[in-house]
Amino acid sequence: MVESVREKEIIENITKNFKVDVGIQRERRIWVKSPSEDLIDLCMFVKNKLGFKHLSALSVTDWPKKGEYELTYHIWSYDDKILITIKTMVDRENPEIETVSKIWGESSQIHEREMHELFGVKFKGNPDLSPLFLEDWDGPAPFRKDFDWREYVRNEYYSKDNDRESAYFGRD
Amino acid sequence: MSEESPQKKVMKRLIKAIWVFNWFNSCGFCELVPLVGSRWDMERFGIIVVGNPRHADVLFIAGYQTLKSIKRAQRIYEQMSEPKVVIALGSCTMTGGMYWDSYNTIKRLEDYLPVTMYIPGCPPRPEAVFEAVGKIFKHVEEMK
């Protein structure tokens, strides 16, 4: 594997200051596994000290068996052209984490708003977590793996007595 | 010659040409776009797309409607002046279509808007759209 000097420097910098799990996935791709308490400090560090100025994506992965959500922050550095991926786990039943919108501003605010809508993750300190698409939604967070949306739709929208809609019942 | 009611006189004067307002989600506009082109060319028959619901006689509604977008469609419908007609284009609009098991699309359009005509198909044939528009004229003709 080709590892440039800069990537090693970044990893050394991070491990010097934080107790985290790091690795180089391939050239110009670094991943970091961090406990959720250290996330804000780590994000501040990579932005201010290492020049990762652009949060390009924030995603959530649901692990129902582990009972955890995995939050993944993809952060890009324009100077080094390196993508760093910060992963952290939060509790699935009560998902709460500090917002990064103070660090990356508006772009992270809208990402967090979407993840709040789809997974129900509460980002503490985010100024606006109102739904983007699911107005008046009162069901469970729709992207959770244990949400059976077909069953939900049958109960919410369809009637067995309706000629057209009875076809939707009893098949999967 | 039979007497024409004042309503019919007004309607005949109004419905010379169909002015439509489009409310299209997702692939919705692609379903009507063959009519705009030169092959079917809806303007030959006086069907013109207007930019403001207040000018429109007909609301064309196409594509799957989400819980959020249907509210906007209702507001557009309320802005249209009487007499007004709602035509639903395509299967997604009517029943959810391939999104029948999506938690976020509406499944019965008639619960939300007073639909005058459904044009099924994915996409509907342009001829079917013309037939639906022709039925509006026929409806006026048959008025007493």
(request) Name, by its number, the condition in (1) closer than 24 Å to A:PHE143 by Cα; (2) assigned to a helix (DSSP H, G or I) that does not hold for A:VAL46. (result) (1)
(request) Go through region A:14-51 and give me each residue that's without any contact (Cβ under 8 Å) to a residue 12 or more places away in the chain and surrounded by 16 or more Cβ atoms within 10 Å (Cβ to Cβ). (result) A:VAL22
(message) Take residues that are more than 30 Å from B:TRP100 (Cβ to Cβ), among the acidic types (Asp, Glu) and touching a Ser or Thr at 6+ places or on another chain (Cβ under 6 Å) and tell me which of the strands (runs of 3 or more DSSP E) falling wholly in region A:67-172 contain 1 or more.
(response) A:68-77
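State which residue is nearest to the other protein chains (Cβ to nearest Cβ) when the search covers only region B:106-125 and only residues that are touching a helix residue (DSSP H, G or I) at 6+ places or on another chain (Cβ under 7 Å) and over 19 Å from B:CYS30 (Cα atoms). Reasoning before the result, please.
Pass one, region B:106-125, residues touching a helix residue (DSSP H, G or I) at 6+ places or on another chain (Cβ under 7 Å): B:106-107, B:109, B:112-113, B:115, B:117-124.
Filter once more, so that each one left must be over 19 Å from B:CYS30 (Cα atoms): B:106-107, B:109, B:112-113, B:115, B:117.
Numbers: B:ILE106: 8, B:LYS107: 4, B:LEU109: 12, B:TYR112: 12, B:LEU113: 16, B:VAL115: 14, B:MET117: 17 Å.
Per the criteria, the residue is B:LYS107.
From the list A:GLU117, A:GLU165, A:GLU112, pick out the single residue that is acidic (Asp, Glu) and facing chain B (nearest Cβ under 9 Å). I'd like the intermediate steps shown before the answer.
Details: A:GLU117 fails: facing chain B (nearest Cβ under 9 Å); A:GLU112 fails: facing chain B (nearest Cβ under 9 Å).
On inspection, the qualifying residue turns out to be A:GLU165.
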(message) Just checking, does region A:93-112 include any residue being at positive phi, surrounded by fewer than 16 Cβ atoms within 10 Å (Cβ to Cβ) and free of Cβ contacts under 8 Å to residues at least 24 places away in the same chain?
(response) yes
(request) Determine the pairs where a residue that is under 14 Å from B:SER91 (Cβ atoms), located within region B:108-122, has a partner that is part of a loop (DSSP other than H, G, I, E, B) with Cβ atoms under 8 Å apart, the partner being 6 or more residues away or on another chain. (result) B:LEU109/B:GLN65; B:LEU109/B:VAL115; B:ILE119/B:GLY90; B:PRO120/B:GLY90; B:GLY121/B:GLY90; B:CYS122/B:GLY90
(request) Considering only region B:1-25, state which residues are closer than 21 Å to B:LEU109 by Cβ and either of a type outside the set (S, T, N, Q) or at pLDDT below 85 (or both). (result) B:ILE18, B:VAL20, B:PHE21, B:TRP23, B:PHE24
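Given the structure, is B:ARG72 among the basic types (Lys, Arg) and not in a helix (DSSP H, G or I)? Walk me through it before giving the result.
Numbers: among the basic types (Lys, Arg): yes; not in a helix (DSSP H, G or I): no.
In short, no.
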(message) Can you find a residue that is of a type in the set (D, E, K, R), in contact (Cβ under 8 Å) with a residue 40 or more places away in the chain and more than 14 Å from chain B (Cβ to nearest Cβ) anywhere in region A:126-137?
(response) no
(request) Among residues belonging to region B:76-105 that are within 13 Å of another protein chain (Cβ to nearest Cβ) and part of a helix (DSSP H, G or I), point out the one that is nearest to the chain's Cα centre (by Cα). (result) B:MET94
(request) Could you look through region B:69-91, keep only residues that are free of Cβ contacts under 8 Å to residues at least 12 places away in the same chain and within 19 Å of B:GLY28 (Cβ to Cβ), and pick out the one that is surrounded by the fewest Cβ atoms within 10 Å (Cβ to Cβ)? (result) B:ARG75
(request) State all residues of region B:28-55 that are free of Cβ contacts under 8 Å to residues at least 40 places away in the same chain, in a loop (DSSP other than H, G, I, E, B) and surrounded by 14 or more Cβ atoms within 10 Å (Cβ to Cβ); if no residue qualifies, say none. (result) B:VAL50
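The values are calculated or read from the model by the stated rules, or taken from the named source; none is laboratory data. Given the structure is predicted, the values throughout are model-derived calculations rather than measurements. In this analysis, Cβ positions are derived from the backbone assuming ideal geometry, glycine residues included, and neighbour counts consider all displayed protein chains.
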